[in-house]
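Trainee: Before we start, here is the structure in question, set down as structure tokens.
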Amino acid sequence: MSFRIDHSIIGAPTGHSTSGRQGNIPPPAKSPETAWFVVTTTEEYIFVARALELKAKSQAYVPKDGHGYDRLEVVDPKTNQAQSVWFNTDVDMGMYKPLKGR
């Protein structure tokens, strides 16, 4: 299986301040309510490493209010500051949800 990085998404302008980061990448999503939407878990790791320039340390699946989220614990290698980054995994986890009406 091979993966393709969609640079048009990673480099897309968002209008958010980057807080000193390269390009127009928004600051990390710090809660389920502000989580980024992803299609695959691989996309989370690519985004964290390449766009945010952070290092992922651990990952946890967190169900909340009928949605699925991945919480990645990350570290900024330049400052050693730890934080959580949230991703909405509804699309990725959709294959595991039962189909309605079946």
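Trainee: Here's a check for you: in segment 38-62, which residue that is of a type in the set (A, V, I, L, M, F, W, C) and assigned to a loop (DSSP other than H, G, I, E, B) is surrounded by the fewest Cβ atoms within 10 Å (Cβ to Cβ)?
Mentor: Filtering segment 38-62 down to residues of a type in the set (A, V, I, L, M, F, W, C) leaves 38-39, 46-49, 51-52, 54, 56, 60, 62.
Narrowing the set further to residues that are assigned to a loop (DSSP other than H, G, I, E, B) leaves 38-39, 52, 54.
Numbers: VAL38: 20, VAL39: 13, LEU52: 20, LEU54: 22.
Only one residue tops the list, namely VAL39.
Trainee: Would you be able to say whether some residue in segment 63-79 is part of a strand (DSSP E or B), of a type in the set (Ser, Thr, Tyr) and either at pLDDT 95 or above or in contact with a helix residue (DSSP H, G or I) (Cβ under 8 Å, 6 or more places away or on another chain) (or both)?
Mentor: Step one: filter segment 63-79 for residues part of a strand (DSSP E or B), giving 63-64, 67-75.
Then keep just the ones that are of a type in the set (Ser, Thr, Tyr); that gives 69.
Applying the additional criterion that residues be either at pLDDT 95 or above or in contact with a helix residue (DSSP H, G or I) (Cβ under 8 Å, 6 or more places away or on another chain) (or both) yields 69.
Yes - at least one qualifying residue is present in segment 63-79.
The values are calculated or read from the model by the stated rules, or taken from the named source; none is laboratory data. Source: prediction; values computed, not measured. In this analysis, Cβ positions are derived from the backbone assuming ideal geometry, glycine residues included, and neighbour counts consider all displayed protein chains.
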